[in-house]
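The values are calculated or read from the model by the stated rules, or taken from the named source; none is laboratory data. Nothing here was measured: the structure is a model prediction, and the numbers come from that model. Every residue, glycine as well, gets a Cβ built from its backbone with ideal geometry; the counts of neighbours run over all protein chains shown.
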Amino acid sequence: RSLTIVQFLLLPTLPFHSSHSATVTAFHSRSTIRTHLTSTSIAASDYDVMSSSKALTSPTAPIPTPKTSPTNNLTMCDSLTFLSEICGALKTIKRTGWVRSGIPLPESDSDHMHRCAMCAMLITSSSPDPRDDYSKASTQKFHPTNVNGNKLLRMALTHDVCESLAGDVTPFCDAKLLTNKHACEDGAMRRIQKIVGAPLGVELYELWQEYEGQETIEALYCKDIDKFEMVMQAYEYERAHLTHKMGSASETENDSRTLLQPLRTFYITTNTSMKSPLFKRLDGELRDKREVLLSERGWDVTNVERQAY
C-alpha cells in the first residue's frame, strides 16, 4: 500500500546551477549527509570537501536503513523518509549558479525540476509546431511521436534528485568536486533507491542512469529541457534584477536593481547545447527577447552569447 501511495505522490510532490562552490550543500547538516553517504560508495572525505564552507547548524534526524519485507525480497518503501528527507531537501537546495551570481532568493532544485516537467509535457501534449523541421536525417528522431511522454515526464521530475544528497555541482565548482561528481551522484542515487525500495526505487535509478547516458530520445530531450530551463531562468533574473548600465542613455538615478552585470556565462555555455528543433527554436526566440531587454538597459550582447548553430 505504501508503495502505491509514493508512486501516486511522486508527480505532485517532486515539482520539478554560492559565493563559493562548497555551499552546494549549505542546506543540510553535516552529520545528516554523512549518514546518507556512509551507506553508498561516497567516501566521507569527499563530503568534507563538498561541505567545507558552511552548513546549517540545526540538527535533522539521520535517514534510517530501509527494512526488508519478511515475505519477499523487495525492499519496503520508507515513504516518509523519501518525501521528507529527499524530496524535502530538493525544496531547500539553492541552485549553485544563481548563488554564485548573487541572485536574490535563488531558485531551488525543486523549482527547476517543476518547470522542466512542464516542458516535458508540452512535447507530447500538442501537435508539432510547423516551424520545427523534423524532415532531416539528424532531426527525425526528435519528432514528438517518437517520444515516450510518460517516461520523459518522470525523467524530468527526477533527473536532479541525486542532488538531495550529492549537492549541485557545476563546471565552475572546485576541481575535486568535478572529478568526483558522477561517483557521488551515482552513490546518492543508489542510496535513494534503497530508501524508496523496489520497484519505484529501481525506476528512479534507471531513469537517472538513462539521463546521464544521453543515448535515448527521452534523455536527449531531457538534457535540452534542463539547459533551456536554465537559460529561461537567467533571462528572468536579468529582467527582474539587472541594472541599467552606468553611463548609458537609459541609466536612471532610482534604479534599485541589484544585478550589476548581465548573466553572460549562462548563455555562452549553452550556445550550442540544444539538439532538438523545438528547443533550438525556443532558445533562439528567448535570446532574441533578451537582446531587446539588454539594449533597453544599455547593455550589449556579444556574439558568443548568441546561438552558434
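State the number of residues belonging to segment 256-268 that are assigned to a loop (DSSP other than H, G, I, E, B) and among the β-branched types (V, I, T). Quick ask: steps written out before the conclusion?
If we filter segment 256-268 for residues that are assigned to a loop (DSSP other than H, G, I, E, B), which is where we start, we get 256-258, 260-263.
Then drop every residue that is not among the β-branched types (V, I, T), which leaves 258.
Qualifying residue count for the region: 1.
Looking at E296, E291, E285, E251, just one residue is of a type outside the set (K, R), in contact with a His (Cβ under 7 Å, 6 or more places away or on another chain) and surrounded by fewer than 18 Cβ atoms within 10 Å (Cβ to Cβ), and that residue is E251. Checked against (1) out of contact with any His (no Cβ under 8 Å at 6 or more places or on another chain); (2) not hydroxyl-bearing (S, T, Y); (3) not in a helix (DSSP H, G or I), D111 passes all but condition (3).
A156: assigned by TED's automatic domain parsing to the domain that holds G88, hydrophobic (A, V, I, L, M, F, W, C) and over 19 Å from K280 (Cα atoms), yes or no?
On the way: assigned by TED's automatic domain parsing to the domain that holds G88: yes; hydrophobic (A, V, I, L, M, F, W, C): yes; over 19 Å from K280 (Cα atoms): no.
In short, no.
Condition check ((1) among the aliphatic types (A, V, I, L, M); (2) over 27 Å from V147 (Cα atoms); (3) in a loop (DSSP other than H, G, I, E, B); (4) at pLDDT below 95) across all residues:
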position	(1), (2), (3), (4)
A249	yes, yes, yes, yes
T252	no, yes, yes, yes
T270	no, no, yes, no
K280	no, no, no, no
G284	no, no, no, no
V292	yes, yes, no, no
G298	no, yes, yes, no
Y309	no, no, yes, yes
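Kindly establish whether V169 is in a loop (DSSP other than H, G, I, E, B) and either at pLDDT 95 or above or of a type in the set (V, I, T) (or both).
Criteria met by V169.
Of the residues making up segment 172-182, those that are part of a loop (DSSP other than H, G, I, E, B) and hydrophobic (A, V, I, L, M, F, W, C) number 2. All conditions but one from (1) farther than 15 Å from W98 by Cα; (2) in contact with a His (Cβ under 7 Å, 6 or more places away or on another chain) apply to D224; the one that does not is (2). Report, by residue number, each residue of segment 237-247 that is surrounded by 13 or more Cβ atoms within 10 Å (Cβ to Cβ) and of a type outside the set (A, V, I, L, M). Passing the criteria: Y237, E238, R239, H241, T243, H244, K245.
Among the residues making up segment 262-293, those that are of a type in the set (K, R) and farther than 20 Å from C173 by Cα are K275, K280, R281, R287, K289, R290.
Condition first: surrounded by fewer than 18 Cβ atoms within 10 Å (Cβ to Cβ) and assigned to a helix (DSSP H, G or I). Now tell me which residues in segment 204-216 satisfy that. Working first, answer last.
Our first condition is that a residue be surrounded by fewer than 18 Cβ atoms within 10 Å (Cβ to Cβ); within segment 204-216, this holds for 206, 209-210, 212-216.
Answer for segment 204-216, where residues must be surrounded by fewer than 18 Cβ atoms within 10 Å (Cβ to Cβ) and assigned to a helix (DSSP H, G or I): E206, Q209, E210, E212, G213.
For segment 114-162, the set of residues classified as in a loop (DSSP other than H, G, I, E, B) and surrounded by 19 or more Cβ atoms within 10 Å (Cβ to Cβ) consists of V147, H159, D160, V161, C162, listed by residue number. K94 - would you say it is closer than 30 Å to T243 by Cα, of a type in the set (K, R), crowded, with 18+ Cβ neighbours inside 10 Å and not assigned by TED's automatic domain parsing to the domain that holds M274? Considered against the rule, which asks whether it is closer than 30 Å to T243 by Cα, of a type in the set (K, R), crowded, with 18+ Cβ neighbours inside 10 Å and not assigned by TED's automatic domain parsing to the domain that holds M274, K94 comes out as yes.
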